[in-house]
Amino acid sequence: MSSLKEHILKIVPEAEVSEGEVPVVNVSPGAFRTLAIHLREDAGLQFDYLVCMTGMDFGENLGVYYRFRSTVLRQELTVRVETVNREQPELMTVADLWATAELNEREVFDFFGIRFINHPDMRRLFLRNDWVGHPLRKDYDPALNDVRLHSDETLDTAPVLEVTEEGVVEEKENVVFGDSEYVVNIGPQHPATHGVLRFRVSLEGEMVKKVDVNCGYIHRGIEKMCESMTYPQTLALTDRLDYLSAHQNRHALCRCIEQAMGLEVPERAQYIRTIMDELTRVASHLLFWSTFCMDLGALTAFFYGFRDREKILNLLEETCGGRLIMNYNVIGGVMADIHPRFVEGVKEFIRYLPGAMKEYHEIFTGNVIARQRMRGIGVLSRDKAVSFGVTGPSGRASGWACDVRKLKPYAVYDKVAFDEVLREDGDVFGRYMVRLDEITQSLRILEQLIDNIPAGPYSVKTKPVVKLPEGSYFTSVEASRGEFGVLIESRGEKNPYRLKFRSPGLPLVSVVDTLATGNKIADLIAIGGSLDYVVPDIDR
C-alpha cells in the first residue's frame with residue numbers, strides 16, 4: 001500500500017492519498033489527466049479496469065469518483081476529482097484510456113452537467129437533448145421541465161469540447177451520421193433489443209458501418225429517488241433494475257449498508273442468500289438461452305428453457321412470495337425463513353436439470369446452422385473486454401477472470417468449490433457456451449450448500465431508522481450479467497446523500513458498436529443477444 005502511495009505522490013506531489021484497504025486519492029482537475037495516464041500505462045500500476053464513474057454534487061463544486069482496479073495486481077483505487085466551479089464544470093476525458101468512460105462520461109454530463117474536454121460526443125445519454133438542467137444536482141428545479149410532446153432536438157450532431165494548440169478550450173460539433181448515410185432504426189420497439197432500447201444503425205448494403213446507442217426510454221430516476229428514501233426503502237428499487245438478477249442486486253445493497261453499519265449477518269442467512277443468488281443465476285441463464293435461441297430462429301428451444309425456468313420460479317415463490325420481484329433480502333439477513341419444502345425442491349431440481357441440458361445441446365448447440373451464426377462473430381478480445389468494463393459471462397468468454405465470487409468472496413462463496421468458466425473465443429459462441437457451463441457450476445454450488453444450511457436465526461434485528469456513519473462505501477457482487485456495484489455517500493443521515501448503482505448492462509451495450517461494425521445486420525441480432533443486457537439495468 002505504501003509503495004502505491006509513494007508511486008502516486010511521485011506523479012502528482014500535491015495529491016492527497018488516504019490510507020485504507022482502498023486508498024482514496026484527492027487530485028486537482030489540472031493534475032488528473034496526468035495521473036490517469038500513469039494509472040493506465042505505468043507497469044507498476046496497471047489500473048486497466050475502470051469499475052465505475054460516479055458523478056457527485058459536493059456542494060460548492062461538482063466532481064467525480066473514479067474507481068479503478070488492476071486486473072494484474074488485484075489492487076483497487078478511488079480517485080476523487082472536483083471541478084473548479086459549478087457554473088462551467090469541466091474535466092478532461094479519459095475515454096481514450098478506458099473505453100467504458102465514453103458512455104459513463106455522457107451519463108455524468110447528463111445528470112450533473114460536467115463537460116469532458118476532448119470527449120468525442122457530449123450528447124446526453126438518457127435524457128433528451130433539450131432537457132433543461134441536470135437532475136442529480138442538489139439545486140435542480142424539476143419545474144423547468146414541463147411535459148413537451150414535440151421537440152426540435154437532433155441526434156445527428158454531437159457537441160464536443162476540444163483543446164487547441166494554444167491551450168484554449170473551444171466548442172465544436174461533430175456529425176454522428178452524414179446526410180448520405182443510410183440509417184435504420186432497430187428499436188425502441190423491437191423484439192431483438194430485449195427491451196425499450198434504440199439502435200441507430202448506419203448500413204452499407206447488409207454491412208454495419210456504425211451503431212449509435214440511444215438509451216433512456218424507460219429511465220425512472222432511481223438514483224435520484226433513493227436520495228429521498230430511507231435505507232430500508234431503497235432496497236425495493238434494486239429488484240427493478242436487472243429484474244432477472246433481483247436477489248443479487250438487493251444482496252449488493254444490503255451488503256454495502258451492513259458493512260457501513262458494521263453489522264454481522266447470521267450464518268444461516270448467508271447460506272440462504274448464496275443459494276438464492278445461484279438459483280437466480282440459473283433462472284437468468286435459462287432465460288438467456290431461451291430468448292437467444294428464439295432470436296436466431298429456434299422457437300422450440302424457447303419453450304424448453306421457459307419450461308425449466310418455471311421450476312425455479314415455483315421454488316422462489318414458495319419462500320419469497322414472488323416470482324420475479326422478490327423483496328426477500330433485508331438489512332441484517334432475509335425477510336423470512338425458507339419454505340419447509342424448499343430444500344427437497346432444490347434437490348429435485350439439481351437432479352433434473354443436467355438431463356434437460358443435454359436436450360439443449362442436442363436441439364441447438366450442435367445445430368450446424370446455429371454454429372455458423374455464432375462462430376467467429378462479434379469477437380471481443382480480452383484487452384477490449386477490460387477496457388470497456390465488460391464483466392460477467394461476456395468478459396469471461398474473452399478470457400478475463402473477473403468473477404467477483406472468486407476475486408473477493410462474499411456470503412459463503414469461500415466455503416464452496418466451483419470453477420470460474422473461462423474461454424478464449426470471445427465470440428458469440430463463446431458467450432453462449434460460458435452461460436451454459438455456468439449453469440453446471442451453479443448446480444455444483446447448490447449441491448454443496450443445500451444439505452448444509454446451519455440452524456439459527458435468519459436475520460438480526462435493526463433499529464427502525466438506519467443511519468450510516470459519514471463516509472463513502474462501495475461493494476459489489478457477481479450478478480447474472482457481471483459486476484453489480486453499489487456506492488453510498490453518507491452524510492450521517494437516515495437517507496443517502498448519493499447512491500450510485502454500477503450497472504453491468506451499460507458496458508455491455510457500449511461495446512455493441514465495436515462488435516457489430518463490419519458484420520452483417522443479421523449478426524447484430526446475434527451479437528446483442530449474446531451480450532444478454534437487460535434494459536432497465538441500463539436505464540436506471
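Each reported figure results from applying straightforward, stated rules to the coordinates on display, with no laboratory input. This one's a predicted model, so the numbers in the text were calculated from it and none came from an experiment. With ideal geometry, Cβ positions are generated from the backbone for all residues, glycine too; neighbour counts draw on all protein chains shown.
Once C-alpha pairs closer than 8 Å and six or more residues apart are averaged by separation and normalised to the residue number of the stretch 376-433, the relative contact order reads 47 percent.
With θ taken as phi - 60° and the Karplus curve 6.51 cos²θ - 1.76 cosθ + 1.60 applied, the whole-hertz 3J(HN,Hα) list for the stretch 483-494 is 6, 9, x, 10, 10, 10, 9, 10, 10, x, 9, 7 Hz, x standing for glycine and proline.
With the convex hull of the Cα atoms taken as the outline of the stretch 33-140, the averaged projected area works out to 6.7 nm². In this model, which of K5/K384; K138/K467; K406/K494 are farther than 31 Å apart at the alpha-carbon? Over 31 Å apart, Cα to Cα: K406/K494. The aspartates and glutamates whose alpha-carbon is closer than 13 Å to the alpha-carbon of K347, local same-chain residues fewer than 8 away aside, are E447, D451. Normalising the average separation of contacting C-alpha pairs (under 8 angstrom, six or more residues apart) by the number of residues puts the relative contact order of the stretch 355-455 at 28 percent. In the structure displayed, which of K358/K500; K408/K463; K500/K520 lie more than 31 Å apart, Cα to Cα? Over 31 Å apart, Cα to Cα: K358/K500; K500/K520.
Annotation: amide H of C52 within the under-5 Å range of R67, sequence separation 5 or more or interchain, hydrogens built in the peptide plane. Full extension of the chain segment joining S3 with Q189 gains 61.7 nm, where the gain is 0.36 nm per residue of separation less the Cα-Cα distance.
Loop-located GluC sites (Glu not before Pro) in the stretch 29-123 (DSSP state not H, G, I, E or B) with no more than 15 neighbouring Cβ atoms inside 10 Å: E60, E87. Hey, how much of the P(r) for the chain falls beyond 41 Å, as a percent of Cα pairs? Percent of Cα pairs beyond 41 Å in the chain: 20.
Restricting the calculation to Cα atoms, the stretch 166-291 shows an Rg/Rh of 1.14 when the hydrodynamic-style radius is the Kirkwood one. Net charge in the neighbourhood of T462 (other residues with Cβ under 15 Å of its Cβ; Lys, Arg +1, Asp, Glu -1) is +3. Among the trypsin sites (Lys or Arg not before Pro) in the stretch 383-474, those located in a DSSP loop and surrounded by at most 13 other Cβ atoms within 10 Å of their own Cβ are K461.
Using R0 = 51 Å, the C-beta based FRET efficiency linking T154 and F303 works out to 0.70. Taking the helices alone, the chain has a mean residue ellipticity at 222 nm of -11500 deg cm²/dmol, built from -39,500 (n - 2.57) per DSSP H run of at least 4 residues and averaged over all its residues. So what's the gap between the Cα centers of the stretch 296-363 and the stretch 92-116, to the nearest angstrom? Value for the Cα centre distance between the two parts: 39 Å.
Computed from the C-beta positions of E41 and N214 and an R0 of 45 Å, the FRET efficiency is 0.85 to the nearest 0.05. Applying both filters, DSSP loop and at most 16 other Cβ atoms within 10 Å, to the chymotrypsin sites (Phe, Trp or Tyr not before Pro) of the stretch 42-85 gives F58. Length, then width, then depth: along the principal axes, the Cα atoms of the stretch 333-447 run 47, 35, 24 Å. Amide H contacts for L380 (H built 1.01 Å from N in the peptide plane; partners 5 or more residues away or on another chain; cut-off under 5 Å): D427.
For the chain, what is the relative contact order in percent, using Cα pairs closer than 8 Å and at least 6 residues apart in sequence?
Working: 1054 pairs, mean separation 82.4, N = 540.
Normalised by residue count, the contact order of the chain is 15 percent.
Sorted by average packing, counted as other Cβ atoms within 10 angstrom per residue and highest first, what order do 18-27, 286-295, 483-492 take?
In decreasing order of mean packing, 18-27, 286-295, 483-492 become 286-295, 483-492, 18-27.
The distance between label points at N452 and V72 comes to 3.7 nm (points 7 Å beyond Cα on the Cα→Cβ vector).
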